[in-house]
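*Asks:* Sharing a structure with you now.
The values are calculated or read from the model by the stated rules, or taken from the named source; none is laboratory data. Keep in mind it's a predicted model, so treat the numbers as computed, not measured. Note: ideal-geometry Cβ built from the backbone for every residue, glycine included; neighbour counts use all protein chains shown.
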Amino acid sequence: MKITSICCIGAGYVGGPTMAIIAQKCPHIKVTVVDLNVERIAAWNDKDVTNIPIYEPGLSDLVAEARGRNLFFSTDVEKAIDEAQMIFISVNTPTKTYGLGKGMAADLKYIELCARQIASVAKDNKIVVEKSTLPVRTAEAIKNILDNTGNGVQFQILSNPEFLAEGTAVQDLLFPDRVLIGGNLEGEREALDSLVEIYANWVPKERILTTNLWSSELSKLTANAFLAQRVSSINAMSELCEKTGADVNELSRAIGMDSRIGPKFLKASVGFGGSCFQKDILNLVYIAKSYGLNEVADYWEQVVIMNDHQKRRFASTIVQTLYNTVSGKKIAFLGWAFKKDTNDTRESAAINVCDYLLHEQAHIAVYDPQVKEKKVFNDLQYLDSRSLEEIEKGITVFEDPYEACKDAHAIAILTEWDEFKAYDWEKIYDNMQKPAFVFDGRNVLDAKKMVSLGFVYSAIGSTN
Ligand code: UDX
Ligand code: UDX
Ligand code: ADP
């Protein structure tokens, strides 16, 4: 089937950028992105494209080019479903916060709602594509819902997990390492081929991989688990480096040159964040346990345990170094996002480090080039460990990094934004309390230079 009309349910970090690229590369396809969130859709439609709700390098130009031509953003979910031949489900699948599997399993209520809505609206055959990261065998549940509530309409389900990373979404979508499409290889070849054809407009055929549905679903969880595991592995070594005089950056270089290991994803840090890693590993652990595979579950859970430890260790080092008390002291946070070049803060290490230091009665001054005050406060409210009033008393969000650092007892770097390297560190030093401590949770600053300026500088995984 030649696809000319696509709908994507969910206008978030995955749905928005992915559909913008499909629209750009396939001018013959009408792409409509829908969301229940009225404010979010309004932002995607904002006349000033710099106001789109997601900050991603290059994204606003893409949207400016395609929007109104063959890319549309709307809250009319039913109309978009009705018109589309192919429907991508790109809604969020957070960790369950209640009931069975609380704190571990993926909450599939939004997915189920989508399936039910598709079933009730569809009047002709549809291809339904899972884009969100899902537990293995979710397609079966979706298929059941669709087949039992549809009006005799045929549904074909494909799994097409997205591997883009935030901050590099546009590049990742334009030049993917691979595109993975899972389907029922016997009966649904045609559906599978029609999705392959869409990607073939810009992705070389040999990079478009087709597998069975379950391999595709499980590959996505596996990829995220392996990537997160690398970060936890190098972070585990960072603690040992600090005790032994080895330098974790040197370690990363040395092991990364082994082609079997490879150089990427070996940066020691204050801990990984983001909407995927922790959620997907916990989900994997839950799935393994549900099959009684306790060793498999324990093996992967350790990746998250190590990450929690790394975040706590960073925070407690700050307290210990500041003479075992930060009560009433100003500590400046440079960075709040979970990584550079994004305004996303979900599961950011900054949140936990801040929480820890607030418990120690510190005053936190936050500066992040892309994160606004409202989001910082929301992130802490979400932890549910103190009232909004206490949060507002404990944290000040600044729009100027120099103001954030003024009179601070210590600076903690939580995100690796490039601009931090270019700051006038001498000026920052002059305006701080002495001794002036810097805790570089991302190893972005030049240790020698910082020490020569007078800072007491500590990085992750080295003793300078
Ligand atoms: C290893 C290291 O590779 C080498 O760099 C170091 O100097 C010594 O230890 P070796 O033990 O000789 O070398 O063999 P290697 O190829 O690493 O295999 C080790 C074991 O892992 C073997 O039993 C191998 O069958 C197994 N293996 C390896 C797997 O089961 N799967 C794999 O994908 C790779
Ligand atoms: C990840 C996967 O990379 C992507 O393929 C998947 O589709 C979604 O999840 P994302 O969470 O956007 O993407 O960012 P990623 O670059 O993977 O970083 C995740 C976290 O790990 C960040 O907090 C980052 O700072 C941290 N990280 C990454 C490290 O601490 N060290 C590293 O070497 C790499
Ligand atoms: P991701 O990072 O996976 O893209 P986001 O949370 O950024 O996740 O985006 C998911 C989007 O899906 C949200 O904007 C949310 O409002 C939307 N959404 C969730 N359920 C539905 C639904 N049933 N219909 C339409 N949109 C939905």
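*Asks:* Can you confirm whether residue 39 is under 29 Å from residue 157 (Cβ atoms), assigned by TED's automatic domain parsing to the domain that holds residue 158 and more than 9 Å from ligand 3 (Cβ to nearest atom)?
*Replies:* Here the answer is no, as residue 39 does not meet what is asked.
*Asks:* Same structure, new question: With surrounded by fewer than 19 Cβ atoms within 10 Å (Cβ to Cβ) and within 16 Å of ligand 2 (Cβ to nearest atom) as the only criterion, which of 92, 125 stands out?
*Replies:* Values: 125 fails: within 16 Å of ligand 2 (Cβ to nearest atom).
From the options 92, 125, the qualifying one is 92.
*Asks:* Now, a different point. Quickly run through region 47-57 and pick out the residues that are surrounded by 15 or more Cβ atoms within 10 Å (Cβ to Cβ) and either within 12 Å of ligand 3 (Cβ to nearest atom) or assigned to a loop (DSSP other than H, G, I, E, B) (or both). I'd like the intermediate steps shown before the answer.
*Replies:* Applying the first criterion (surrounded by 15 or more Cβ atoms within 10 Å (Cβ to Cβ)) to region 47-57 yields 49, 52-56.
Hits for region 47-57 are 52, 53, 54, 55, 56.
*Asks:* A further question on this structure: Say whether the condition of being over 16 Å from the mean Cα position of the chain (by Cα), part of a helix (DSSP H, G or I) and buried (at least 23 other Cβ atoms within 10 Å of the Cβ) is met by at least one residue in region 282-291. Reasoning before the result, please.
*Replies:* Of the residues in region 282-291, the ones over 16 Å from the mean Cα position of the chain (by Cα) are 284-291.
Adding the requirement that they be part of a helix (DSSP H, G or I) leaves 284-290.
Adding the requirement that they be buried (at least 23 other Cβ atoms within 10 Å of the Cβ) leaves 284-285.
Yes, some residue in region 282-291 is over 16 Å from the mean Cα position of the chain (by Cα), part of a helix (DSSP H, G or I) and buried (at least 23 other Cβ atoms within 10 Å of the Cβ).
*Asks:* If a residue has to be touching a strand residue (DSSP E or B) at 6+ places or on another chain (Cβ under 9 Å), assigned to a loop (DSSP other than H, G, I, E, B) and of a type in the set (Lys, Arg) to count, how many in region 97-133 make the cut?
*Replies:* The number of residues fulfilling the criteria is 2.
*Asks:* Residue pairs, Cβ under 7 Å, 6 or more apart or interchain, first in region 340-356 and on the phi > 0 side of the Ramachandran plot, second more than 10 Å from ligand 2 (Cβ to nearest atom). List them.
*Replies:* Here the result reads 341/57, each pair linking region 340-356 to a residue that is more than 10 Å from ligand 2 (Cβ to nearest atom).
*Asks:* Here's another thing I want to ask about it. Step by step: first the residues of region 132-153, then only those that are over 29 Å from residue 165 (Cα atoms) and modelled with pLDDT of 80 or more, then the one that is surrounded by the fewest Cβ atoms within 10 Å (Cβ to Cβ). Which residue is that?
*Replies:* At the first step, the residues of region 132-153 found to be over 29 Å from residue 165 (Cα atoms) are 144-153.
Still in the running and modelled with pLDDT of 80 or more: 144-148, 152-153.
Values: 144: 11, 145: 19, 146: 21, 147: 13, 148: 8, 152: 6, 153: 16.
Here the answer is 152.
*Asks:* Moving to a separate point now. Scanning region 178-217 for residues that are among the polar types (S, T, N, Q) and part of a helix (DSSP H, G or I), which turns out nearest to the chain's Cα centre (by Cα)?
*Replies:* As a first pass, look at region 178-217 and keep what is among the polar types (S, T, N, Q): 184, 194, 201, 210-212, 215-216.
Applying the additional criterion that residues be part of a helix (DSSP H, G or I) yields 194, 215-216.
On the way: 194: 29, 215: 22, 216: 20 Å.
Going through the qualifying residues, I end up with 216.
*Asks:* Another question about this same structure. Could you give every pair whose Cβ atoms fall below 7 Å, whose first residue belongs to region 443-461 and is farther than 14 Å from residue 430 by Cα, and whose second residue is exposed (fewer than 15 other Cβ atoms within 10 Å of the Cβ), counting only separations of at least 6 or pairs across chains?
*Replies:* So the pair list comes out as 444/421; 445/421; 447/464; 457/451; 457/464.
*Asks:* If you go through region 426-464 one residue at a time, how many are loosely packed, with under 14 Cβ neighbours inside 10 Å, in a helix (DSSP H, G or I) and not aliphatic (A, V, I, L, M)?
*Replies:* 6
*Asks:* Among residues belonging to region 60-95 that are assigned to a loop (DSSP other than H, G, I, E, B) and away from ligand 3 (no atom under 15 Å from the Cβ), point out the one that is nearest to residue 132 (Cα to Cα).
*Replies:* 85
*Asks:* Oh, and also: Is it the case that region 248-257 has a residue that's closer than 30 Å to residue 439 by Cα, of a type in the set (Asp, Glu) and at pLDDT 95 or above?
*Replies:* Here is the first cut: in region 248-257, the residues closer than 30 Å to residue 439 by Cα are 248-257.
Those left that are additionally of a type in the set (Asp, Glu): 250.
Filter once more, keeping what is at pLDDT 95 or above: 250.
Within region 248-257 (the criterion being closer than 30 Å to residue 439 by Cα, of a type in the set (Asp, Glu) and at pLDDT 95 or above), the answer is yes, since at least one residue qualifies.
*Asks:* Right, here's the next one. Please work out which residue is farthest from the chain's Cα centre (by Cα), limiting yourself to region 240-281 and to residues that are of a type in the set (Val, Ile, Thr) and surrounded by 19 or more Cβ atoms within 10 Å (Cβ to Cβ). Give the derivation first.
*Replies:* First, pick out the residues of region 240-281 that are of a type in the set (Val, Ile, Thr): 244, 248, 255, 261, 270, 281.
In the following step, the residues that additionally are surrounded by 19 or more Cβ atoms within 10 Å (Cβ to Cβ) were identified as 248, 270, 281.
Working: 248: 25, 270: 16, 281: 13 Å.
Applying the filter and picking the extreme gives 248.
*Asks:* From 189, 230, 207, grab the single residue that is farther than 29 Å from residue 261 by Cα and surrounded by fewer than 20 Cβ atoms within 10 Å (Cβ to Cβ).
*Replies:* Details: 230 fails: farther than 29 Å from residue 261 by Cα; 207 fails: farther than 29 Å from residue 261 by Cα.
None of the other options fit; the residue is 189.
*Asks:* Can you confirm whether region 65-76 contains a residue that is assigned by TED's automatic domain parsing to the domain that holds residue 146, of a type in the set (A, V, I, L, M) and at pLDDT 95 or above? Working first, answer last.
*Replies:* Of the residues in region 65-76, the ones assigned by TED's automatic domain parsing to the domain that holds residue 146 are 65-76.
Now narrow it down to the ones that are of a type in the set (A, V, I, L, M): 66, 71.
Checking the rest, the ones that are also at pLDDT 95 or above come to 66, 71.
Yes - at least one qualifying residue is present in region 65-76.
*Asks:* Being closer than 28 Å to residue 204 by Cβ and not in a loop (DSSP other than H, G, I, E, B) is the filter here; which residues of region 152-177 pass it?
*Replies:* If the condition is that a residue be closer than 28 Å to residue 204 by Cβ and not in a loop (DSSP other than H, G, I, E, B), then 156, 157, 158, 159, 169, 170, 171, 172, 173, 174 are the ones that fit.
*Asks:* Would you pick out the residues in region 134-151 that are polar (S, T, N, Q) and either touching a Phe, Trp or Tyr at 6+ places or on another chain (Cβ under 6 Å) or assigned to a helix (DSSP H, G or I) (or both)? Steps first, please.
*Replies:* The first filter runs over region 134-151 and keeps only residues polar (S, T, N, Q), leaving 138, 144, 148-149, 151.
138, 144, 148, 149 - these are the residues of region 134-151 that are polar (S, T, N, Q) and either touching a Phe, Trp or Tyr at 6+ places or on another chain (Cβ under 6 Å) or assigned to a helix (DSSP H, G or I) (or both).
*Asks:* What's the total number of residues in region 46-87 that are under 21 Å from residue 168 (Cβ atoms) and within 23 Å of the chain's Cα centre (by Cα)?
*Replies:* Of the residues in that region, 14 qualify.
*Asks:* Checking the conditions here, which among 408, 412 is in a strand (DSSP E or B) and assigned by TED's automatic domain parsing to the domain that holds residue 317?
*Replies:* On the way: 408 fails: in a strand (DSSP E or B).
Within the list 408, 412, the selection yields 412.
*Asks:* Something else: Tally time: how many residues in region 1-17 are more than 16 Å from residue 169 (Cα to Cα) and either more than 6 Å from ligand 3 (Cβ to nearest atom) or touching a His at 6+ places or on another chain (Cβ under 9 Å) (or both)?
*Replies:* 8
*Asks:* Right, residue 370: in contact (Cβ under 8 Å) with a residue 60 or more places away in the chain and not small (Gly, Ala, Ser) or not? Working first, answer last.
*Replies:* Details: in contact (Cβ under 8 Å) with a residue 60 or more places away in the chain: yes; not small (Gly, Ala, Ser): yes.
Spelling it out, residue 370 is indeed in contact (Cβ under 8 Å) with a residue 60 or more places away in the chain and not small (Gly, Ala, Ser).
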